[in-house]
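Step one of this worksheet: look at the structure below.
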Amino acid sequence: MKCLRIVLLLLIFSATITSSFAQVFENSEEAFSNASIKNKKVLLIFSGSDWCAPCAQFDKTILSSSAFSNFAKDNLIIIKADFPQRKKLPREIVKQNDALAEQYNPKGEFPEIVLLRSDKSVVKKLSFSNQSTDEFINEITPYLSK
């Protein structure tokens with residue numbers, strides 16, 4: 001009985017933690033569908049998680065911050081299109097990320113950050129140049145109503 005209580009408490013705690021963070025999707029169709037239902041913009045992030053230093057800095061400075069997570073939870077659906085060199089991704093994800101890159105990042109720049117509407121049209125290409133979380137949020141905010 002004591003184990004059951006502990007498991008239930010852990011489940012409740014993990015559900016609470018999960019709901020307080022922004023959703024980051026690997027599946028783009030699911031993300032765009034969610035964005036359409038929730039009337040949110042999509043932040044598409046092209047990353048090289050295991051080789052791109054600016055990508056790691058973006059993750060550390062922006063994506064991992066509680067301020068951005070709270071902002072994104074209310075305003076954005078996030079897609080992370082990762083292009084690792086050492087880590088293997090499922091074939092479907094690689095194919096999807098390649099298609100996203102062909103459409104939104106043909107020059108292969110990393111990190112490349114694109115703000116999109118739920119209909120997949122581009123609102124704005126954003127840059128990351130080591131700005132603070134607040135500066136990055138301020139860069140996105142004017143485009144949320146467009």
| Test result for Glu92, more than 15 Å from the chain's Cα centre (by Cα), closer than 16 Å to Gln57 by Cβ, in a helix (DSSP H, G or I) and not hydroxyl-bearing (Ser, Thr, Tyr) | no
| request: Filter region 89-133 for residues that are over 16 Å from Val42 (Cβ atoms), of a type outside the set (Gly, Ala, Ser) and out of contact with any Ser or Thr (no Cβ under 9 Å at 6 or more places or on another chain) and give the result. | output: Leu89, Pro90, Arg91, Glu92, Ile93, Val94, Lys95, Asp98, Glu102, Pro106, Lys107, Glu109
| request: Check off (1) under 17 Å from Phe68 (Cα atoms); (2) surrounded by 10 or more Cβ atoms within 10 Å (Cβ to Cβ); (3) of a type in the set (Ser, Thr, Tyr) for Ser129 and give me the number that stays unchecked. | output: (2)
| task | Tell me, yes or no, whether region 80-88 has at least one residue that is among the basic types (Lys, Arg), at pLDDT 95 or above, touching a strand residue (DSSP E or B) at 6+ places or on another chain (Cβ under 9 Å) and closer than 16 Å to Gln57 by Cβ. | result | yes
| request: Kindly check whether there is at least one residue in region 121-133 that is of a type in the set (Ser, Thr, Tyr), more than 23 Å from Lys60 (Cβ to Cβ) and in contact with a strand residue (DSSP E or B) (Cβ under 7 Å, 6 or more places away or on another chain). | output: no
| task | Scan Gln85, Gln57 and give me the residue that is outside any loop (DSSP other than H, G, I, E, B) and among the polar types (S, T, N, Q). | result | Gln57
| What is the number of the single condition among (1) outside any loop (DSSP other than H, G, I, E, B); (2) over 28 Å from Ser145 (Cβ atoms) that Phe110 does not meet? | (1)
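Residues checked against (1) at pLDDT below 95; (2) touching a Cys at 6+ places or on another chain (Cβ under 9 Å); (3) closer than 24 Å to Glu30 by Cα; (4) not acidic (Asp, Glu):
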| position | (1), (2), (3), (4) |
| --- | --- |
| Glu102 | no, no, yes, no |
| Pro106 | no, no, yes, yes |
| Glu109 | no, no, no, no |
| Ser118 | no, no, yes, yes |
| Val122 | no, no, yes, yes |
| Asn130 | yes, no, no, yes |
| Thr133 | no, no, no, yes |
| Pro142 | no, no, no, yes |
| Ser145 | yes, no, yes, yes |
| request: Specify which of the listed residues (Gln23, Gln96, Gln57) is surrounded by 12 or more Cβ atoms within 10 Å (Cβ to Cβ), at pLDDT below 95 and of a type in the set (S, T, N, Q). | output: Gln23
| message | If Ile78 satisfies all but one of (1) part of a strand (DSSP E or B); (2) of a type in the set (Val, Ile, Thr); (3) touching an Asp or Glu at 6+ places or on another chain (Cβ under 9 Å), what's the number of the condition it fails? | response | (3)
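The values are calculated or read from the model by the stated rules, or taken from the named source; none is laboratory data. Bear in mind the structure is a predicted one, so any value in this text is a computation, not a measurement. As a convention, Cβ positions derive from the backbone with ideal geometry for all residues, glycine included, and neighbour counts pool all protein chains shown.
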